[in-house]
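A.B. asks: Structure incoming, see below.
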Amino acid sequence: MGTSFRDAPDLDHPGPLAAEPYRSAPTRAEQYLGVVAAALFLILLTMVFIAAAPLGDPDVWWHLEMGHAYLDGASVRHPGPMSPFGTEDWHSRDWLTQMLMAGFDSAFGLPGVAWLRGLALVALFVVCFRLSRQVAPFGAAVVATGLTFFGMIGSLSARPQLVSFILLAVTVGALLRTSQDLRPRWWLAVLTGVWACAHGLWFLVPGLQVVLLVGLRLDRRLDRRSARPHVLLVGLCLAAVAVTPNGIHQLAHPLGSSMGVAQYVQEYQPLSVTFPPYAAVLLMLFVVCASWARRGGSSWVAVLLVAVGAVLFLYMGRTLPLGAILVMPFFAAAIGAAAPRARTHLPRPVEQAVVLGGAGVALVALALLVPTSAAAPSSYFPSTYDARLSAIAEGDVLINQLGDGGYLAWKYPDLRIVGDGLSDQYSVAWLTDWHEALRGEPGWEDFVERTGADYALLSDTTALRLGLESQGWTTVQTGQDRVLMKAPEG
């Protein structure tokens, strides 16, 4: 689990760091380590309860649908429209992760999907802890990992993005080692290729390598000749993406079409300091900057990596976890250097037993919990409408809210809904018209007419509901903060 260091390494002046033998600690230090170990177990226990909760993320369901479609023979390169209103020749960015989710669903049902999520959370904890431990003592690493997880808590759902969080932590650890010994990590090319099949944030690997290269050049630790292997590695990463089934498309369209309607999607909006996870990451950034100010500056590598992290977590809610992971090792090093008690060590075998043992216990506990807890939560999705929705004739069209789309596509595969979370299959114009119609903006009548809608399942506060009522639509059922409406005859 990393080398035990007497002092946190200096990220500004990296170099070989020798391990010191464990020395008996005073009783107070032993008590401190006990508290820190308990905090580590508490973090893992929190991961268990998060993973054991009902599957409330609206995107889980269409990811499962896509995974099953691929397992049933759908083309990864040209899957075709998965919705009657999908018109784009889209290319999947998550097919490998989706197939894994669907495989667990086929083998174990929704409890299997929940346990897979728990496995990803535990793996994310371990790699984040290792990243922090790479630059700081045990106690500081636990604190940094815990605060980082709190910053990410709103994004820890059963979605392919968890893979990106894990691989980003692995990538940052590799780049920090390169900043110490100047050796390119060639295996990052393979990691980038795998990442490009699992989630769309693969471009962080070559992007951060460029940031590292610029920082090393500004620090005058690389000249043109010594920089060539690092430039070659960036090229190999891009080549690894290009040879994947959808690599050429991903190189040309790294962000997908969803950014075209970002103004309508909550997770694409900037966050406020009143949001506690955001405030936690902001605190981490403040501590890092204060530490540098006290020490009289920092290396360009550190400044650039933290600056990228700051931009990511300030940009929007969806990139907050990415920024937290980038800032985390520097935060760990800062508190490790500032707090003398944080420099107390555990013997390496004990540390490994605590971390890996805690992870194993968490996964076993999760396996015992998920059979009775993992499900589609009735409080989140329109479960009370099952009888009515099941009775809708095949071929009839339902106007729905974005948040219900994935669940409806999963639960009622024969129901023609106007949209779901799989935005790449729709044109930006269609997505824009859909969102604007829900808001009751001018032109909503044309959108409803184009869909040929027979029914609408809308939030009772949606402006479109009032518009449909004015056109003679009747209420069929109410409940769960929704209204099921039927178009007038003829």
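A.B. asks: On C-alpha positions alone, give me the angle between the axis of helix 320-338 and the longest principal axis of the chain, in degrees, nearest 10.
C.D. replies: Result, in degrees: 20.
A.B. asks: Rounded to whole Å and sorted largest first, list the principal axis extents of the Cα atoms in segment 57-139.
C.D. replies: Cα extents, longest axis first: 55, 28, 22 Å.
A.B. asks: For I417, tell me the accessible area in Å² from a 1.4 Å probe, rounded to the nearest 10.
C.D. replies: 10
A.B. asks: Let me ask something else about it. Helix-only estimate, please: 222 nm mean residue ellipticity of the chain, summing -39500 (n - 2.57) across DSSP H runs of length 4 or more and dividing by its residues, to the nearest 500. Please list the in-between numbers first.
C.D. replies: On the way: 19 runs with 287 residues, N = 490.
Dividing the helical sum by the residues of the chain leaves -19000 deg cm²/dmol.
A.B. asks: What FRET efficiency, computed as 1/(1 + (r/R0)^6) with R0 = 22 Å and r the Cβ-Cβ distance, is obtained for E469 and D446, rounded to the nearest 0.05?
C.D. replies: On the way: r = 18 Å, r/R0 = 0.82.
FRET efficiency, E469 to D446: 0.75.
A.B. asks: Continuing with this model, one more query. Within the P(r) computed for segment 25-163, what percentage of the Cα pairs occupies the region above 20 Å? Let's see the in-between values first.
C.D. replies: On the way: 5355 of 9591 pairs.
Beyond 20 Å sits 56 percent of the P(r) for segment 25-163.
A.B. asks: What number, in percent, do you get for the relative contact order of the chain if the mean sequence gap of Cα pairs under 8 Å and at least 6 apart is divided by its residue count?
C.D. replies: Numbers: 774 pairs, mean separation 113.8, N = 490.
Dividing the mean separation by the residue count of the chain yields 23 percent.
A.B. asks: Are there trypsin sites (Lys or Arg not before Pro) in segment 416-463 that DSSP puts in a loop and that have at most 12 other Cβ atoms within 10 Å, and which ones? Walk me through the numbers before you get to the answer.
C.D. replies: Details: sites: R416, R439, R450; in loops: R439.
Answer by residue number: R439.
A.B. asks: While we're looking at this one, here's another question. Quantify, in whole percent, the carbon and sulfur part of the accessible surface of the chain (1.4 Å probe; protein heavy atoms only). Before the final figure, lay out the partial values.
C.D. replies: Details: 12670 of 20750 Å².
Answer for the chain: carbon and sulfur cover 61 percent of the accessible area.
A.B. asks: For the chain, which span is the longest to avoid every loop-located (per DSSP) member of GluC sites (Glu not before Pro) having at most 12 other Cβ atoms inside 10 Å? Provide the component values of the computation, followed by the final result.
C.D. replies: Details: sites that count: E394, E489.
The longest such stretch corresponds to 1-393.
A.B. asks: Once the Cα atoms of helix 187-198 and of the chain are each reduced to a long axis, what angle between those two axes, in degrees from 0 to 90 to the nearest 10, is obtained?
C.D. replies: Roughly 20 degrees, rounded to the nearest 10.
A.B. asks: Whole percent per 10 Å bin, from 0 to the bin with the longest distance: what is P(r) over all C-alpha pairs of the chain?
C.D. replies: Pairs per bin, as whole percents: 4, 18, 26, 24, 16, 8, 3, 1, 0.
A.B. asks: Okay, moving on. Could you provide, to the nearest whole Å², the per residue accessible area of the chain with probe 1.4 Å? Please report the intermediate quantities before stating the final value.
C.D. replies: Working: 20750 Å² over 490 residues.
Ligands and nucleic acids excluded, the result is 42 Å² per residue.
A.B. asks: Additional query: What is the extension gain from T274 to L232, computed as 0.36 nm multiplied by their sequence separation minus the C-alpha to C-alpha distance, in nm to one decimal? Walk me through the numbers on the way to the answer.
C.D. replies: Working: separation 42, 0.36 × 42 = 15.12 nm, distance 4.36 nm.
Value of the extension gain: 10.8 nm.
The values are calculated or read from the model by the stated rules, or taken from the named source; none is laboratory data. Predicted model only: the values in this text are computed from it and were never measured. Neighbour counts are summed over all protein chains in view; Cβ atoms, including those assigned to glycine, are modelled from backbone coordinates with ideal geometry. Quick note on the areas: whole protein, heavy atoms, side chains included, nothing else; ligands and nucleic acids left out. Shrake-Rupley method; radii C 1.70, N 1.55, O 1.52, S 1.80 Å.
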